[in-house]
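In what follows, a single structure is set out as structure tokens and then discussed.
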Amino acid sequence: MIHTANTYDIKSASLDVLAFVLRSDNLDELALALENRFGNRAKPSAAEAVVLDLAALDKPAELALERLLPLLGRYGFRTVALRHPDPQHEELAHRFGLAHITGQVAAGAKTPASEPVPPVPELPVSVPTMIVDRPVRAGQQIYAKGGDLVVLAMVSAGAEVIADGSIHVYAPLRGRALAGARGNTAARIFTQCMEAELVSIAGVYRTIEQALPASITGKPTQVFLENERLVINALGE
């Protein structure tokens, strides 16, 4: 028998990927909007991986991706996948070396009437809360399927806690927290000490790359969605 070294592993992964929801196929208007918001400076060393969401477009197959992808790249967005509920756009994605996602449309995106997205069912109230009473170490992932997650110890940097409901961390939160994982926009994240790498509610992400205000950093904090935007507030405000 020939013994070979263990040269690789295949594991589940959760990526810090934002959704870029395209609402118009007018690339000239898009270029102007990007310049007005981000300035005329390329940021290749700080490229943010994004999923390009085309569900709001009437004719995504006619989109000039050969112009759009370099345009996004100039403003620090590196497209890794196309998202559209119609599987016929898979060939379009592969033509440009991109993955194709047919899953849930990003918050706020409009879907053609011919391809409605079914409503997310309400979470059953009988699902018990998952309680974790030990530290969540770097590289670990905890998932509370169908309900809330309560962590009574520290969530270390490089660790990930996920819940279909809300997440409560009664200790420092230094890793990643993703609440409302199945689209529950009413979910929230609570922590006694806000030092997170990334927070997400119902797929709306924010990476914490810059220092948070002193009123939040290291303080009891909550994270929630308001008008499809993430809000991070000190508890009690």
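Some notes on this structure:
- Every condition in (1) at pLDDT below 90; (2) under 17 Å from Gly203 (Cβ atoms) holds for Ile162 except the one numbered (1).
- Residues that are touching a strand residue (DSSP E or B) at 6+ places or on another chain (Cβ under 7 Å) and free of Cβ contacts under 8 Å to residues at least 24 places away in the same chain, drawn from region 213-233: Ser215, Ile216, Thr217, Val231, Asn233
- Residue within region 59-76 that is crowded, with 18+ Cβ neighbours inside 10 Å, modelled with pLDDT of 80 or more and either in a loop (DSSP other than H, G, I, E, B) or in contact with a Ser or Thr (Cβ under 7 Å, 6 or more places away or on another chain) (or both) present: yes
- Members of region 167-213 that are among the hydroxyl-bearing types (Ser, Thr, Tyr) and farther than 17 Å from Leu225 by Cβ: Tyr170
- Number of residues in region 199-223 that are part of a strand (DSSP E or B) and in contact with a Leu (Cβ under 8 Å, 6 or more places away or on another chain) equals 10.
- Test set (1) under 22 Å from Ile142 (Cα atoms); (2) within 13 Å of the chain's Cα centre (by Cα) - Arg229 fails condition number: (1)
The values are calculated or read from the model by the stated rules, or taken from the named source; none is laboratory data. None of these values were measured; they are calculated from a predicted model. No Cβ is skipped: glycine too gets one built from the backbone with ideal geometry, and neighbour counts run over all protein chains shown.
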